[in-house]
Amino acid sequence: MKKFIFAALVIAGFSLTQSASAQVRININIGNQPAWGPVGYDYARYYYLPEYNAYYDVASEQFIYPNRRSWVYGRSLPASYGRVNLYNTYKVVVNRNYEPFRDNRRDIQNYGRYRNTHNQVVIRDSREYKYYESKYHPKHKEWNNARNNNSRNNDREYVKRGRR
């Protein structure tokens, strides 16, 4: 009987350990962020563009902008916004688990002061190696080649060790 109770406690301990470790999650999506995205973030779900009062959904690569009384999703901003220079305009990273425009009034209040700010460093201009992962960064090919070479070298080392 004691062995049965001990075994049950060990199994319960393992199941609790596994569920606790499963809850730790790190989100990184540098590779999906556009070249005009701001540096300093390993993860960005949405960008808020105060100058245009619009959002950009990084995952779906779509803009979200107001049109009369509703919000519209589109691959680009409409012509009524004029010439939009995304490399030059200020972007605010907004990580929400719901549509970002739900808090639009608060975003206008909090970030409206950045409307004419044009000094933000973007991923394309970053010299930080981690941003080379972005498929839109000018040095992405170099990063990808180095990663592939490292992978091949690691495979060769593994094969060499296996033969010994």
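All of the numbers you see were taken from the coordinates with simple rules; none came from a lab. What you are looking at is a predicted structure, and each value in this text was computed from that prediction instead of being measured. Here Cβ is always computed from backbone atoms with ideal geometry, including for glycine, and neighbour counts include all displayed protein chains.
So here's what we get for this one:
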| item | result |
| --- | --- |
| Label-point gap, in nm, between Ser70 and Arg102 - each point 7 angstrom along Cα→Cβ | 1.9 |
| Long-range HN-HN contacts of Gln62 with modeled amide H, under 5 Å | Asp57 |
| Long-range HN-HN contacts of Ala54 with modeled amide H, under 5 Å | Leu49 |
| DSSP-assigned coil residues among trypsin sites (Lys or Arg not before Pro) in the stretch 104-153, each with at most 12 further Cβ atoms within 10 Å | Arg127 |
| Label point distance in nm, Val121-Ala59, each placed 7 Å from Cα along Cα→Cβ | 2.9 |
| Calculated from backbone phi, Karplus (6.51, -1.76, 1.60) coupling profile of the stretch 135-145 in Hz, x at Gly/Pro | 5, 9, 6, x, 9, 4, 4, 4, 4, 5, 5 |
| For the stretch 108-155 versus the stretch 27-46, the gap between their alpha-carbon centres in whole angstrom | 8 |
| With 10 Å bins from 0: P(r) over the stretch 30-125, alpha-carbon pairs, percent | 16, 53, 29, 2 |
